[in-house]
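The values are calculated or read from the model by the stated rules, or taken from the named source; none is laboratory data. If you're wondering where the values come from, they're calculated on a predicted model, not measured in any experiment. Here Cβ is always computed from backbone atoms with ideal geometry, including for glycine, and neighbour counts include all displayed protein chains.
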Amino acid sequence: MSKFTFHRFISYFFRGLLFVVPLALTIYIIYETLEWLDGLIPVNIPGLGLIIIIVNITFLGYLASFFITRPFFDQLERYLVKIPLVNIIYTSIKDLIGAFVGEQKKFNVPVTVSMTEDGSVLKVGFITRDDLAEIDLPGYMSVYLPHSYNFSGNHFLVKKSHVRPLHMNGTNAMKFVVSGGVSGLEEEKKRDAGL
């Protein structure tokens, strides 16, 4: 096999790898998640458990917003908040989910945070509270800084002077950070161009 053919073979292999691995991992993660959700209700028909869960969650959401049953859900939540360990777990999870899908989404204001005094090192984050005067930190704000290639992050209290708005859609900014700066900018250019 000639050197030219071998390099072409390697080039095609890596190009195929770039297509197959993300696709295969995406399908695998979705499949495993659906399998796990479907397994929560043991029914012998694939997908039926997931459908039952979605219907029940939707029905509970309907009941929780219906004026007659809403006081029951509010009272149940007040009891849950009074239980010491349950309070921490329940309110943290509720606030986190509410930050993504609630009426007051939190991760929709992307910013850059200066990590050095001269502003030469910046980190992308999201404002979660723009004023911390109520905890005796006037001039500070609460910023969540997600990690790259991971679904975790750190929470920092930062001087407002170290934070600048990042003129970017929140979803694309999160993609940009989580991908380590590899993706997110292309989508932002398309959004700005109106495509």
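Take G170 and decide whether it is surrounded by 14 or more Cβ atoms within 10 Å (Cβ to Cβ), closer than 30 Å to S65 by Cα and modelled with pLDDT of 75 or more. Taking the combined requirement at face value, the residue satisfies it. Residues in segment 1-12 that are surrounded by fewer than 10 Cβ atoms within 10 Å (Cβ to Cβ) and of a type in the set (A, V, I, L, M, F, W, C) were compared, and the one that is farthest from the chain's Cα centre (by Cα) is M1.
For segment 146-170, a tally of residues being more than 17 Å from D95 (Cα to Cα) and either in contact with a His (Cβ under 8 Å, 6 or more places away or on another chain) or outside any strand (DSSP E or B) (or both) returns 12. Only residues that are assigned to a helix (DSSP H, G or I) and more than 24 Å from F59 (Cβ to Cβ) were counted in segment 74-88, giving 5. Quick check: anything in segment 60-73 assigned to a helix (DSSP H, G or I), within 30 Å of Y149 (Cβ to Cβ) and not hydrophobic (A, V, I, L, M, F, W, C)? No, segment 60-73 contains no residue that is assigned to a helix (DSSP H, G or I), within 30 Å of Y149 (Cβ to Cβ) and not hydrophobic (A, V, I, L, M, F, W, C). If you check L122, L60, L157 for being surrounded by 12 or more Cβ atoms within 10 Å (Cβ to Cβ), touching a strand residue (DSSP E or B) at 6+ places or on another chain (Cβ under 6 Å) and at pLDDT 80 or above, only one passes: L122. In this structure, A99 does satisfy being assigned to a helix (DSSP H, G or I), closer than 30 Å to R129 by Cα, in contact with a Lys or Arg (Cβ under 6 Å, 6 or more places away or on another chain) and modelled with pLDDT under 80.
Okay, residues lined up against (1) more than 27 Å from the chain's Cα centre (by Cα); (2) free of Cβ contacts under 8 Å to residues at least 12 places away in the same chain; (3) surrounded by 11 or more Cβ atoms within 10 Å (Cβ to Cβ); (4) closer than 30 Å to M168 by Cα:
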position: V21; (1), (2), (3), (4): no, yes, no, yes
position: T26; (1), (2), (3), (4): no, yes, no, yes
position: L37; (1), (2), (3), (4): no, no, yes, no
position: I45; (1), (2), (3), (4): yes, yes, no, no
position: R70; (1), (2), (3), (4): yes, yes, yes, no
position: V81; (1), (2), (3), (4): no, yes, yes, no
position: I89; (1), (2), (3), (4): no, yes, yes, no
position: S114; (1), (2), (3), (4): no, no, yes, yes
